[in-house]
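This report refers to the structure that appears directly beneath it.
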Ligand SMILES: [Ca+2]
Ligand SMILES: [Ca+2]
Ligand SMILES: [Ca+2]
């Protein structure tokens, strides 16, 4: 077969903006599994430390398709087709539908790296059963998806060889994507056809610019501690590994250079979560305000403060994050700075499957996307209200939001912004719509630029239960502030409880056809129903709600230790146990509620960093914060003070006392996430301050994580990159339990 040779030299091509946004963000925090059809399995990570090793091999595994087991994925946006290795040893894409855009059909390959200032050659053979255009791209796999190397090729029924030489002029990318777009092109008719690829080869031919180990984030520190610092009276530890492990360590006053404390380092022990020996150093006895560092062996820590108001700014920023997530309202420059934007998502939304449009403007954007979801919003609102209820003195009226100075604690003004949206999500029969989003996740744009049709998804019993619960909670919290509003909240809660009474079967909580945004799925709505009855019992003392609660929770509240958006049992149990009227199954619920404490206690004691986790799943930082909050809620019920050390150490973990070397709160500490998976941060080119990143996910649930962290110990599976949506997204319900922890420690002093 004759091969026509086409060679293009695109040295240093950086065609930023060309055919960008070839696909929207592939996934979001709550939806790891349903975002795209991926046929790939785990990839081998190429060596990154030895400069010799980046040269001289084909980075595309099985590029000649000698094996039928390929690791290519497919992405469809209005197109359709089938990808397989054919019996001639070629990768064959059978196009069934070409869609409306060139990326309507995309095949892609992940699992290789490109290094700054290195030169690469990309080559492949391609033919088709018709004449057509195909777009070849090597692109960044996140953000604006711009290409590092790109060409539109004309493919015919003859095999052609394509070859490109390019220099990587941008920062090193450990997880780019090679893809071929085979959707709609000018002049192409929608006829069934096939496109064949073979001998796909990508290799480095010049590594003279390569710097070993460069480009993939800061090296973890050998001494980890709370990078913001400590309250004067607080418990204080630093954790050492590697060269920092010594018999003795010191705390040095940065201003004077003098040692203010020297003490013994605890014996080192192996930590399974990090895969290394670590040793704790307790310096709680240092209580004089100042700026310090810890010195041990040949290592020293980042500087940190000890002071009575050390967390004031970080606490405010963590709460202020909610203001910056507001939807349907203008964020003004005087308050929002670089993140100011006009009102977004103000149009009416269509109720799925109908012609009816309703106003559901307002509320908080959920996460890195602009969806608004009832179940996750309910968790966030509940956390903030609980924080205020238990620690009111921690909150004031000068947060820097539009309602600052109105005489009402700003946390309640902020929650009310969400509650006002929630009212709009309630149908006239009391059922509550699950969410409002566009059909797909948006590109990386500011919120007012997401202008697609808004769709309200059907009522779910989980959303309805959560709604009733937070509205009943609000009726108590706002009673002294605005009795009329509190009464409105209680009426809304009762109406939704009536809906639940009349609809005893599980409803909703799955994405309807054509909706690809976060699903927030659930298999069990008993905990949401129980939570609704518990809060209504607490709000009203009405024994009918106690009866309804007991009927469902008689043998125990499901998920009794969970403060999640899916398992809400701990909220339910706490509400029931903190009601002023003692409920009829109080003792059963108390045992049930507190049964999870010992596991958390033992995990916390065993881990060098006092992490309460044994495993690190997606959003592990939320579970860390939730565990601290759970202990404090149990304390509140029992009149104990057992949670103090655990709550403080979970907050310390989030702020730097962890194995990654990161303070996970954007804008605070010495090393914190700079590239969160968060559209306003991307659009502004700088991370919104005060956001908690998802944190380590040992399951490596995005291509970047898979590429960079393969083989990494569970608690170290973190990377600060906007492509790493399973590690570095942010959400309102990851921030909210951290607000709770801050409120606790600040109120304790
Ligand atoms: Ca072949
Ligand atoms: Ca206020
Ligand atoms: Ca549930």
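What follows draws every value from the coordinates through simple rules; no lab data is involved. In this text, all values refer to a predicted model and were calculated from it rather than measured experimentally. Note: ideal-geometry Cβ built from the backbone for every residue, glycine included; neighbour counts use all protein chains shown.
When peptides 118-124, 105-111 are ranked by their average number of other Cβ atoms within 10 Å per residue, the highest-first order is 105-111, 118-124. Over all distinct Cα-Cα pairs of the chain, the Kirkwood formula returns a hydrodynamic radius of 27.5 Å. Taken over the range 297-371, the convex hull of the Cα atoms encloses 159 Å³ per residue. Each 5 Å bin from zero holds the following percent of Cα-Cα pairs in the range 129-198: 3, 13, 25, 20, 16, 13, 7, 3, 0.
A Cα-only calculation for the range 526-595 places Rg and Dmax at 10.2, 28 Å.
At a threshold of 8 angstrom on Cα-Cα distance, excluding pairs fewer than six apart, so keeping six or more, what relative contact order does the range 526-595 reach in percent? Let's see the in-between values first.
Values: 111 pairs, mean separation 25.5, N = 70.
Once divided by the residue count of the range 526-595, the mean separation gives 36 percent.
Taking 15 Å as the cut-off, the amide N atoms of the range 100-119 that come nearer than this to a point 7 Å along the Cα-to-beta-carbon line of residue 169 belong to 116-119.
Remind me, relative contact order of the chain in percent, using alpha carbon pairs under 8 angstrom and six or more residues apart? Show your work: numbers first, answer last.
Values: 1849 pairs, mean separation 100.1, N = 749.
It rounds to 13 percent for the chain.
Listing 245, 732, 153 from the residue with the fewest other Cβ atoms within 10 Å to the one with the most, what is the order? Ordered from fewest to most neighbouring Cβ atoms within 10 Å, 245, 732, 153 come out as 153, 245, 732. What is the helix-to-structure angle for 461-477, meaning the angle in degrees between its Cα long axis and the longest Cα principal axis of the chain, kept from 0 to 90 and rounded to the nearest 10? With both axes taken from Cα atoms, the answer is about 40 degrees.
Listed highest first by mean packing, meaning other Cβ atoms within 10 Å per residue, what order do 525-533, 412-420, 331-339 come in? Working shown, then result.
Numbers: 525-533: 28.8, 412-420: 22.0, 331-339: 15.1.
Taking the mean over residues of other Cβ atoms within 10 Å, the ranking is 525-533, 412-420, 331-339.
Taking the number of Cβ atoms within 10 Å of each Cβ as an exposure proxy, the fewest-first ranking of 446, 168, 629 is 446, 168, 629. Annotation: extensible slack from residue 587 through residue 117 equals 162.5 nm (criterion: 0.36 nm per residue apart, minus Cα-Cα distance).
For residue 354 and residue 510, what does the FRET efficiency come to when R0 = 22 Å and r is the distance between their Cβ atoms, rounded to the nearest 0.05? My answer for the efficiency is 0.75. Treating each Cα of the range 322-523 as one equal point scatterer and applying the Debye formula with no solvent, the log10 of I(q)/I(0) at q = 0.18 Å⁻¹ comes out as -1.29.
FRET efficiency for residue 55 and residue 423, Cβ-Cβ distance as r, R0 = 60 Å, nearest 0.05?
Values: r = 62 Å, r/R0 = 1.03.
Efficiency, rounded to the nearest 0.05: 0.45.
Working from label points 7 Å from Cα in the Cα-to-Cβ sense, the residue 161 to residue 268 distance is 5.4 nm. Taking every C-alpha pair closer than 8 Å and separated by at least 6 residues, the mean separation divided by the residue count of the range 408-462 gives a relative contact order of 35 percent. Name the residues of the range 297-335 whose amide N is less than 11 Å from a point 7 angstrom out from the Cα of residue 448 along the C-beta direction? Within reach of a label on residue 448: 329-333. Note on residue 152 and residue 206: the extension gain reaches 16.9 nm, defined as 0.36 nm multiplied by sequence separation minus the Cα-Cα distance. Taking the empirical scaling 2.2 N^0.38 Å for compact globular proteins as reference, the range 478-589 has a Cα radius of gyration ratio of 1.14. Counting neighbouring Cβ atoms within 10 Å and putting the fewest first, the residues 167, 623 line up as 167, 623.
For the range 322-523, what is the percent of antiparallel DSSP beta bridges, rounded to the nearest 5?
Values: 11 of 13 bridges.
Of those bridges, close to 85 percent are antiparallel.
Restricting the calculation to Cα atoms, the range 223-306 yields a radius of gyration followed by a Dmax of 12.2, 39 Å. For the peptides 179-185, 458-464, the ranking by mean Cβ contacts within 10 Å, running from highest to lowest, is 458-464, 179-185.
Summing -39500 (n - 2.57) over the DSSP H runs of n ≥ 4 in the chain and dividing by its residue number, what mean residue ellipticity at 222 nm do you reach, to the nearest 500 deg cm²/dmol?
-8500 deg cm²/dmol
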